[in-house]
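The values are calculated or read from the model by the stated rules, or taken from the named source; none is laboratory data. What you see is a predicted model; the values in this text were computed from it and never measured. Quick reminder, even Gly has a Cβ in these numbers, built from the backbone with ideal geometry, and neighbours come from all protein chains shown. Side chains included, ligands, DNA and RNA excluded: accessible areas come from the protein's heavy atoms. Shrake-Rupley method; radii C 1.70, N 1.55, O 1.52, S 1.80 Å.
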Amino acid sequence: MSLTAFRTLGRSGLIVSPLALGTMTFGTPRWGAPDEVSGSIFHTYVEAGGNFIDTADVYAKGRSEELIGSYIADRSLRDQLVLATKFTFHSGEPGNPNGGGNGRKNMYRAFERSLRRLRTDYIDLYWMHAWDLVTPVEEVLQSLGDLVRAGKIRYFGFSDVPAWYTAKAAALATAHGIPAPIALQLEYSLTERSIEREHLPAARDCGLGICPWSPLAGGFLAGKYQREGEGATGQGRLSGSNPFGNQKFTDRNWRVLNSLRTVAAQVERPLAQVALAWVSAQSGITSPILGISKLEQLHDNLDSLDIRLTPEQLQMLNQSSALDPAFPYGIFTSEVNRGIFGGATVQGWG
């Protein structure tokens, strides 16, 4: 498979590559990519056939959008790329609560600034970056729908939201015949499978594609870190004072990494490629988002598209990374199904 093995994003007509280029590293100090490296990464991805570019207004305080806008403009690539950006987080203006959130005032403020930085007059996919806990879903739908009707955005989606919020938005949009979200962007990897409980079933039922972020768990699944006591050694975005490092360096995740090493040795491929291949093989996943800071990482990640894991290898990875039991999911089993239907096995439609 290659980057030109295109697919639609959810139940929509938006056509995207099987791997998206995430650009949070563009213009980001310390663990990010210098401008010239960012440019090489972008152009290599596009020249390999990729068309799905993901950024956000807060990445590198807007610098990521500026760089992408210049790369696209310099090569007149606007029509052939699916350009996605995000809003929600605060603009940094002290004392102004309306400088953040999902209300219409901040949404439109953020949108206009993103257009200027990206040097474009429309966005293909506009993501709500996170649930802000306060803005009614009805207001979000109306505001984003108005942008669709005005031709300012083509589609929209939700990132980092509860499953119930997504289902409510999709149901309201269907009932009222208005523009609906087409995709979810959520963390998903061998070390973080929580979305399998609610988000993946909701997305499947509502016709939404899934674009996983951090499919390599911030580099943990690439083997960047070695266990040392309760922590780890190694350099990357999880090192130093990053609180996400402590969340990844757990007994369970080290066991997951050991299983990944076993499978990687069997297929004779790097850990990162196998971890990406596992994510891409999961039902409902449309386009994992790559986080790249070096050009060689891009080449390595793209090679994951050639890997086909066997059922036995997938089972090994699934078992080592399985979610802990939680209520009420233990009730939703084939055994309980037979008990409900008097000993008969009943399979639902679809």
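Taking amide H atoms as placed 1.01 Å from N in the peptide plane, the amide H of I153 lies under 5 Å from those of I123, V148, each 5 or more residues away in sequence or on another chain. A straight line joining the Cα centroids of the range 43-58 and the range 73-118 runs 17 Å. Normalised per residue, the accessible area of the chain is 46 Å², obtained with a 1.4 Å probe and no contribution from ligands, DNA or RNA. The mean sequence separation of alpha-carbon pairs under 8 Å and at least six residues apart, normalised by the residue count of the range 245-350, gives a relative contact order of 26 percent. Across all directions, the average projected area of the convex hull around the alpha carbons of the range 72-195 is 9.2 nm². Taking other residues whose beta carbon is less than 10 angstrom from the beta carbon of L186, and scoring Lys, Arg as +1 and Asp, Glu as -1, yields -3. Per-residue surface analysis assigns T191 an accessible area of about 10 Å², computed on protein heavy atoms at 1.4 Å probe radius. Using C-alpha pairs below 8 Å separated by at least 6 residues, the relative contact order for the chain is 17 percent. Rounded to the nearest angstrom and listed largest first, the equivalent-ellipsoid semi-axes of the range 251-293 from its Cα gyration tensor are 19, 13, 12. In order along the range 303-308, phi translates into HN-Hα couplings of 5, 5, 5, 8, 8, 10 Hz, rounded to whole numbers, per the Karplus curve 6.51 cos²θ - 1.76 cosθ + 1.60 with θ = phi - 60° and x for Gly and Pro. The Cα-based radius of gyration of the chain, divided by its Kirkwood radius, gives an Rg/Rh of 0.97. Residues in the range 3-9 carry Karplus couplings, in order, of 5, 8, 7, 5, 8, 7, 8 Hz; the curve used is 6.51 cos²θ - 1.76 cosθ + 1.60 with θ = phi - 60°, and Gly or Pro positions show x.
Expressed as a whole percent, the accessible area of the chain that falls on carbon and sulfur atoms is 53 (1.4 Å probe). At most 12 other Cβ atoms within 10 Å and a DSSP loop assignment: could you name the chymotrypsin sites (Phe, Trp or Tyr not before Pro) in the range 248-350 that fit? Counting only loop positions with at most 12 other Cβ atoms within 10 Å, the chymotrypsin sites (Phe, Trp or Tyr not before Pro) in the range 248-350 are F332, F341, W349. Secondary-structure-derived ellipticity at 222 nm for the chain, considering helices only, amounts to -11500 deg cm²/dmol, per-run term -39500 (n - 2.57) for DSSP H runs with n ≥ 4. Around the amide H of F52, modelled in the peptide plane, lie the amide H atoms of S17, L21, V82, all under 5 Å away and 5 or more residues distant in sequence or on another chain.
Using θ = phi - 60° in the Karplus curve 6.51 cos²θ - 1.76 cosθ + 1.60, the 3J(HN,Hα) couplings for the range 26-43 round to 5, x, 9, x, 6, 9, x, 10, x, 4, 5, 6, 4, x, 5, 4, 4, 5 Hz; x is entered for Gly and Pro. Within the range 1-62, the proportion of Cα pairs with more than 17 Å between them is 46 percent. Note that the range 252-321, at 25 °C in a medium of 0.890 mPa s, gets a Stokes-Einstein diffusion coefficient of 196 µm²/s from its Kirkwood radius over C-alpha pairs.
Figure note: D146, D57 ranked by solvent-accessible area, largest first, 1.4 Å probe, ligands and nucleic acids not counted: D146, D57. In this rough spin-label picture, where each label sits 7 Å from Cα along the Cβ direction, the Q80-Y122 distance is 1.9 nm. Once you reduce the range 203-232 and the range 124-146 to the center of their Cα atoms, the two points are 26 Å from each other. With 0.36 nm allotted per residue and the present C-alpha distance subtracted, the W349-A150 stretch has 67.8 nm of extension available.
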